[in-house]
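Shown next, in structure tokens, is the structure this report addresses.
The values are calculated or read from the model by the stated rules, or taken from the named source; none is laboratory data. Just so it is clear, the model here is predicted, and its values are computed rather than measured. For neighbour counting, all protein chains shown are included, and Cβ atoms are generated from backbone atoms with ideal geometry for every residue, glycine included. In case anyone asks, the SASA skips ligands and DNA or RNA and just uses the protein heavy atoms, side chains included. Shrake-Rupley method; radii C 1.70, N 1.55, O 1.52, S 1.80 Å.
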Amino acid sequence: ANLESDLFWTDLIVGNQVMADALALFHATHGNVGTPGAISVTTLSEARKLMRRQKDIDGVTPISVLPRYLVVSTTDETLAEQIVTQAQGNVYSPDTVANVNPFASKLIPITETRLDVSSGLQPWYVFGQNSEIPMAEWAVLQGMEGWPITSQYIDEDTKGITFDAIYDVIFKVIDYRGFVRNAGV
């Protein structure tokens with residue numbers, strides 16, 4: 001499970017995997033890179049707009065991808081939880097338009113420690129839903145579905161038992177239109 005998480009988060013998302021079109025997953029040409037900023041109604045609105053304005057493979061037909069997940073590092077976990085709460089201010093009746101939360105119950109926060117950055121900008125992401133648009137694919141070699149192939153043998157040098165595990169797995173981006181990245185602050 002850790003290997004699969006490392007491959008997805010570190011190699012694909014943080015590593016900004018290069019796609020079949022020879023461009024990185026998050027690239028201005030793909031229209032999925034937001035103006036750097038902290039998570040706010042303004043920056044989330046921009047991310048939503050970027051996602052909803054995506055075009056089908058023909059480059060003309062709008063597909064209007066629905067943002068579903070707000071993906072953050074542990075640094076932004078509390079802020080992400082705050083931004084997706086029911087209301088800001090009075091829970092039952094916000095007293096001003098500014099206290100109405102347009103993202104209440106629309107985004108599900110996901111916190112991933114592999115996104116933590118020790119210094120510099122703290123990026124965050126908005127993801128669509130894989131059932132709506134195929135975004136990434138997990139694949140293993142045929143015949144290796146489910147579990148690693150394991151073997152054991154007696155190591156004559158150490159007089160102990162050595163265990164080998166072979167698990168050939170990869171994550172690849174299928175479609176960039178379900179992802180938006182903001183470099184953060």
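Here are the numbers for this structure:
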{"read-out": "I83, I108, ranked by accessible area, largest first (probe 1.4 Å)", "value": "I108, I83"}
{"read-out": "Accessible surface of region 9-78, 1.4 Å probe, proportion on carbon and sulfur as whole %", "value": "57"}
{"read-out": "Karplus (6.51, -1.76, 1.60) ³J(HN,Hα), θ = phi - 60°, over region 126-139, in Hz, Gly and Pro reported as x", "value": "10, 10, x, 10, 4, 6, 8, 9, x, 9, 9, 10, 9, 9"}
{"read-out": "Estimated FRET transfer efficiency (E81, T35; beta-carbon r; R0 30 Å; 0.05)", "value": "0.85"}
{"read-out": "Binned Cα-Cα distance frequencies in the chain - 10 Å width, integer %", "value": "9, 30, 29, 17, 9, 5, 1, 0"}
{"read-out": "Length-normalised contact order of region 1-59 in % [C-alpha pairs under 8 Å, at least 6 apart]", "value": "19"}
{"read-out": "Student exercise, the chain dipole from Lys, Arg, Asp, Glu Cβ charges, in Debye to nearest 20", "value": "1040"}
{"read-out": "Potential extension, T74-T150 segment - 0.36 nm per residue separation minus Cα distance", "value": "23.9 nm"}
{"read-out": "Cα-based helix-to-principal-axis angle, 41-52 vs the chain, degrees rounded to 10", "value": "70"}
{"read-out": "Distance (nanometres) between label positions extended 7 Å along Cα→Cβ at D168 and V117", "value": "3.6"}
{"read-out": "Solvent-accessible surface (1.4 angstrom probe) belonging to K159, in square angstrom, nearest 10", "value": "150"}
